[in-house]
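First up is the structure itself, then whatever we jot down about it.
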Amino acid sequence: MASAGGAMQLKVLFVGDVDVGKTSIFELYRTHEVAKSPKHTMDPVIKSFNIVTMTPHTTVELHLYDTAGQERHKTLTRQFYRNADIALLVFSIDDGDSFHHIEQVWKQEVLKRSEKDDVKMILIGNKADLYEERVNDISTSEQYARRHGMKFIEMSAIRKDDYQKVDSVLRETAAEIVHQGGRSSSTNEEHRPVQRDEVIHIEPVPNPIHAAPNEPQQEQQKNKRCKLC
Ligand SMILES: Nc1nc2c(ncn2[C@@H]2O[C@H](COP(=O)(O)OP(=O)(O)OP(=O)(O)O)[C@@H](O)[C@H]2O)c(=O)[nH]1
Ligand SMILES: [Mg+2]
């Protein structure tokens, strides 16, 4: 949380495995329209705008960060975790690995790299329209979220009206942060300066360790099975 002489600013991260629909949710929330053929996110995209929280109806400025799920881009993405206020942990209901990775990978990454222990986490089960291919029961996700003090929503990024689910849970969470008087551990300069209504593409920094030399390797990553499950 930061406050630039006016509205409280909250840093919100979208994290989760590749292809779970982070960008689709980001775009649905941003534009209230279903994203057409989103591409893999390479460099994080940041969008800033004001919302009014649930009671006490305070205006806060959200800085939304859409990050990459692909391993080769994680190095860059991790730079953006610092001092996150809210993390949207996204999995796909037709992909069991993506759910297991919430606990095994994404929650740990957020806790470690945000350098805070009070990040508000919201679990999102996306692709609810693919209910026939559902691999884990909704009650499993609910129980997991409850056990870890997370809010939970199930949604489909291809259903236009579902932007309201994201909107509600974000406004509710932002209201809780306002109630708590914000966070003490972040300051203005820890937030990247973001122009309202502007999407910023940050050029990826080539990383010799994570850079994949060719496309087949990307596919391999995408299709990789969970070795921990
Ligand atoms: N059926 C269905 N497809 C979806 C949904 N959300 C996203 N998709 C599709 O899933 C694919 C991946 O979506 P993205 O939004 O690019 O996924 P991502 O998590 O941003 O992926 P990375 O940026 O590579 O980490 C795209 O083909 C989307 O159209 C959904 O709710 N239902
Ligand atoms: Mg994406």
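Just so you know, all these numbers are worked out from the coordinates, no wet-lab data involved. Just so we're clear, the structure is a prediction, and the values are computed from it rather than from any experiment. Counting neighbours? That spans all protein chains shown, and the Cβs are built from the backbone with ideal geometry, glycine included.
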Taking the Cα-to-Cβ direction at Thr55 and at Ser168 and moving 7 Å from each Cα, how far apart do the two end points lie in nm?
1.6
Exactly which trypsin sites (Lys or Arg not before Pro) in region 37-101 are in a DSSP loop and have at most 15 other Cβ atoms within 10 Å?
Lys39, Arg82
Under a 5 Å amide H to amide H cut-off, with H placed in plane at 1.01 Å, what residues pair with Val20 once short-range neighbours are removed?
none
Within 10 Å of each residue's Cβ, count the other Cβ atoms and sort Asp43, Asp66 from fewest upward.
Asp43, Asp66
Which whole-Hz couplings ³J(HN,Hα) result when phi for each residue of region 115-121 is put into the Karplus expression 6.51 cos²θ - 1.76 cosθ + 1.60, θ = phi - 60°, listed in order with x for Gly and Pro?
6, 9, 10, 10, 5, 7, 10
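When Lys and Arg each count +1 and Asp and Glu each count -1, what net charge do the other residues less than 12 Å away from Asp167, Cβ to Cβ, add up to? Don't skip to the end; give the middle numbers.
Working: positive: Arg30, Lys165, Arg171; negative: Asp161, Asp162, Glu172.
Around Asp167, the charge tally is 0.
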Please order Thr67, Thr58, Thr140 by the number of other Cβ within 10 Å, starting at the fewest.
Thr140, Thr58, Thr67
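With the contact rule set at Cα under 8 Å and sequence spacing of 6 or more, what percent relative contact order holds for region 1-123?
Numbers: 218 pairs, mean separation 38.5, N = 123.
It rounds to 31 percent for region 1-123.
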What is the fewest-to-most order of Ser139, Ser48, Ser92 by other Cβ atoms lying within 10 Å of their Cβ?
Ser139, Ser48, Ser92
3J(HN,Hα) from dihedral phi, region 151-160, Karplus parametrisation 6.51/-1.76/1.60, rounded to Hz, x for glycine, proline:
7, 9, 9, 10, 7, 10, 6, 9, 9, 3
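Identify the GluC sites (Glu not before Pro) of region 1-110 meeting these criteria: DSSP loop state and at most 10 other C-beta atoms within 10 Å of the C-beta.
Details: sites: Glu27, Glu33, Glu61, Glu71, Glu103, Glu109; in loops: Glu33.
Qualifying residues, ordered by number: Glu33.
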Interchain or sequence-distant (5+) residues whose placed amide H lies within less than 5 Å of the amide H of Ala157 are Lys127, Ala128
Amide H neighbours of Leu123 under 5 Å, counting only residues 5+ apart in sequence or on other chains, H built in-plane at 1.01 Å?
Leu89, Lys151, Phe152, Ile153
Give me the net charge for the shell around Asp94: Cβ to Cβ below 10 angstrom, other residues only, Lys and Arg +1, Asp and Glu -1.
-2
